[in-house]
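The values are calculated or read from the model by the stated rules, or taken from the named source; none is laboratory data. None of the values given here were measured: they were computed from a predicted structure. Cβ placement follows ideal geometry from the backbone for every residue including glycine, while neighbour counts extend to all protein chains displayed. These area figures cover heavy atoms from the full protein model, side chains too; ligands, DNA and RNA do not enter into them. Shrake-Rupley method; radii C 1.70, N 1.55, O 1.52, S 1.80 Å.
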Amino acid sequence: MDTKQLNEALERLFIEEKERIVFWNDPEREFTHTLPFILLEGVETLRLDQTGAFETKLRIEQDTGNRFLIYSPAEEPDYEDDWLLDIRLYSRSFRADRASILLDQLGLQNQYLRPHIAARRKFFDNKERIAKLKSFVTPDDNAADLDRKMLAVITKADQPELFNIIRTLFHAFTEEKDFDIQTPPPVWEQIEKFELDEPFWQMVKTAFGYTEETPTLGNFLIRLFVTDFVQELKATLPEALLHLQLPAAGRSNAVVCLAQWRDSSSRAVSYDLLSDQVAAKIHLPDHLADQEIEALLEVMTFLDVEKAICRSLRDRVESTAEMINAEDVQEIAAKREAGHWVSENVPGAPTVPREALRAVYEALGAAADFFARKNEHQDGFHFDNAQAMYRAYEKDLFRFDQLYRQFCEAADFAESQNWDVLKGLREKVEAGYVNWYITQITLAWGKFVDGGLLAKWQIADVPSQQGFYAKHVQSRLKKAENRKAFVIISDAFRYETAEELTRELNGKYRFQAELTSQLGVLPSYTRLGMAALLPHEKLAYNNKGEVLADGKPTASLEQRGEILSSEDGIVVKADSFLGLKKDEGRELVAGKRVVYIYHDRIDAVGDDRKSEGETFEAVRKTINELADLVRFIINSLNGNYIVLTADHGFLFTETSPGETDKSKLSDKPPGTVTAKKRYLIGQKLGDSPEVWHGSTGTTAGADGDMEFWIPKGANRFHFVGGARFIHGGAMLQEIVVPVITIRHVKGRSAEETKTKQVTVHVLGVKHKITTNRHRFELIQMEAVSDRVKPVTLKVAVYEGNEPVTDIESVKFDSPSENMEERKKSIVLTLQDRKYDKKNKYRLVLRDAETDIEIQSVDVVIDRAFTDDF
């Protein structure tokens, strides 16, 4: 060490750290000749070989304003022989060898670390490594602490904690192309170069019990994963994996380490990739074939486990359809959806099909609910009158159509991601919908259509579609001159879809949506339905089958705009309207009292043979687009009253109809004006046993003696132009036309529209952990509703900001009003280490999406002895 370095080191003590007295012992007498060249301003040098201890003591104590460097060419004396001990205890010591300089530079107090630092000289050859290590070091660190923190520097771990170092080291595997867990990553060469491999394996042995004659990262990794799998498996471990478990003392740490790895925002990708390699090497699929769902339910270790649960849950839904417990299926699905392999909050590897898995679980939940409802109505639908059945459809029966659509939509997506696990179940759901539900609802509703409903086409307390404008628009405009009404008409937007949209809108702040319905006109087709929604005194048909409103044509957008102009109204297409900027939109509607917005996606897609298979995808896009329209009107155009409705609904099945679904007509009857697959319009059509025969004067209030034929039930006249998507008939799906009234709520009432997540509380007052595994009870305080949203929480016990347990994800989404049914329990595994029962530990609940802390409760950890896990 040269004079410059010595000066710099001593100046740091006297000037930067403001020390008054520094002792320098030089037993090897290396610096006796250098001492005269140590020039420190304001510092007096005293040599104990030239000045006696007593004299030195007097000078120091009498001259309190001066600073002293006390040099001795000998070792520090023992305490009982040290005349300057009292001064030495409140002063600083200085060593001039490199290890001592480093010890001082790092701020370490333990002088016995000098030989350890000297033995790690290769590590300290780099200033950047030293600087990084200094940020980790604390004054009372020992040799093991120092080695662990040097490992953190080499692996580039963000914290010098063993679990963090391990997952950072394993993450390095995946940074290499075509990696294999049997070939250590390049950083391992650095660890060996700096002779830190043996300390690493000692740490691993202490924490996990892993020991081998020749330990390897790949072997250790396999044992970690197998141990985590075994600890959460509620069944006997396959014999072929028994020898791969870690010893009992290290198993809890394996569980905690992997759980924290899965939860890591920066390392979850490598977990996914490495777990896949481990699963392949241990032939995991061979060991899962006979495992029950309940045995695997808590296991998050491998993607293959998720796939096995998906397959088994599908088999359960299929095999128990006639006696299914839908709540159990949905509870299993919800638990897995919150977990590592399915959650949308996990930034994992793109190779993991999380969206597809989520779709599979959604499909299974919808199928289970469909079958459960089917079982409730196994003997069909029975109602006393048409009004009772109509109201039953509004309240509950529409769910069959909704669940069928949601199942098909989810199954379609899963298949688009090459997940074909739902094929058999899909056939069963299709059969249940087409062969049972459509048949049963046709039989029940057909009795009322045949029994006189068609002759009057009215249902008590249900408004008719042709009265829409007077009821929902005109009545509002009459109340004040400055009122404006926005009307959105979505072609073929049926009731079950409107119910889903209503729930979504009611989940928005300051939005209040109410769903009602109106009895659609017959035939339930676009031209008649659209005309019925316009302002008019009378509808009529001309001889060409065109629909007139007060004598004016209604077929085109321009013609409807002309009719609305007399009401200070305009018409616009939805896609054009959404393309407007705020100022453009306000300019467009300025001075207008009525704005009709026409949306056409479902009918445009479904009515085309080439695209009808995409009907349910079109429904999903429609829900999103209509929600966007409502938001634009309220947030950008200051609209505060919107009515959203449709011209008619529709029927759709995934499978194509067969000949039995065709109402056979040898020829069109005389007088036919328009013939479509689902209806005929004409004059003097006469009767036929194959059809329902009615008058548009009765079913739509239309003049012109125009009559219609529609096939009974869900039949078609012919299959031209596509036949899976149909409308025009009298089925409830076609004629229960939704009306959503949306208001912009202001003032105090707006507070009632605020949405929030469900509140979750930890049950119990004093929480004391005495074993390696501890159960906590949590309760969801409110039922999930339109304005009370479900939440997924990550739950763990923390010391400060570091988890000391595994991290469990739990979804709280119960709509039950029964609090007992909203309770959930979680079991957390405690990291195997020393705990102080006087320390503060917390059970923390964090939002899985935002990572924001929702709640915490104090926990005492009092483990008098270490138990086997």
Query - Local net charge near Pro553, Cβ-Cβ under 12 Å (Lys/Arg +1, Asp/Glu -1) - result: 0
Query raised in the report: What order do you get for 399-409, 362-372, 852-862, 74-84 when each peptide is scored by the mean count of other beta carbon atoms within 10 Å, highest first?
Result: 362-372, 399-409, 852-862, 74-84
Requested in this report: Note down the accessible area of Met530, probe 1.4 Å, to the nearest 10 Å².
Outcome: 10
Report task. Could you rank His718, His382, His287 by how accessible they are, 1.4 Å probe, largest area first? Result -> His382, His718, His287
Query raised in the report: Protein chains only, probe 1.4 Å: how do Arg822, Arg620 rank by accessible area, largest first?
Result: Arg620, Arg822
Report summary line: Here Rg/Rh (Cα, Kirkwood) for region 682-758 equals 1.27
Query raised in the report: Hey, got the Cα dimensions of region 1-76 along the principal axes, in Å, largest first?
Result: 33, 27, 19
Query raised in the report: What aspartates and glutamates sit close enough to Lys766 to cross-link, taking a C-alpha to C-alpha distance under 15 Å and skipping anything fewer than 8 places away on the same chain?
Result: Glu777, Asp858, Asp862
Report summary line: Taking Cα atoms only, Rg over Rh for the chain with Rh from the Kirkwood formula is 1.16
Query raised in the report: In debye, nearest 20: dipole of region 1-136 around its Cα centre with unit charges on the Cβ of K, R (+) and D, E (-)?
Result: 840
Requested in this report: Would you kindly find the accessible area of Lys768, with a 1.4 Å probe and non-protein molecules such as ligands, DNA and RNA excluded, rounding to the nearest 10 Å²?
Outcome: 110
Requested in this report: Treating cross-link reach as a plain straight distance, find the lysines whose alpha-carbon is under 17 Å from the alpha-carbon of Lys668, omitting any fewer than eight places away in the same chain.
Outcome: Lys544, Lys676, Lys677, Lys684, Lys712
**Report entry** Mean residue ellipticity (222 nm) of the chain, computed from DSSP H runs ≥ 4 via -39,500 (n - 2.57), nearest 500
**Finding:** -11000 deg cm²/dmol
Query raised in the report: Under 15 Å from a point 7 Å along the Cα-to-Cβ line of Lys538: which residues of region 549-566 have their amide N that close?
Result: 549-553
Query raised in the report: What does the highest-first list of 386-396, 595-605 look like by mean Cβ count within 10 Å?
Result: 595-605, 386-396
Query raised in the report: So, with +1 on the Cβ of K and R and -1 on the Cβ of D and E, and no other charges, what is the size of the charge dipole of the chain about its Cα centre, to the nearest 20 debye?
Result: 3220
Query raised in the report: Under Stokes-Einstein, with the Kirkwood radius over Cα pairs standing in for Rh, what whole-number D in µm²/s applies to region 126-280 at 20 °C and 1.002 mPa s?
Result: 132
Query raised in the report: Could you state the per residue volume, in Å³, of the convex hull enclosing the Cα atoms of region 621-719?
Result: 145
Report task. Write down the accessible area per residue of the chain in Å², having rolled a 1.4 Å probe over the full set of protein chains. Result -> 45
Requested in this report: Excluding Glu28 itself, calculate the net charge of residues whose Cβ lies under 15 Å from the Cβ of Glu28, where each Lys or Arg counts +1 and each Asp or Glu counts -1.
Outcome: -2
**Report entry** Taking the chain and dividing mean pair separation by its residue count, relative contact order in percent (alpha carbons under 8 Å, at least six apart)
**Finding:** 10
Query raised in the report: Over region 580-709, what is the relative contact order in whole percent, taking alpha-carbon pairs under 8 Å and six or more residues apart?
Result: 13
Query raised in the report: Applying 1/(1 + (r/R0)^6) with R0 = 60 Å to the Cβ-Cβ distance of Asp328 and Thr698, what FRET efficiency is obtained, to the nearest 0.05?
Result: 0.75
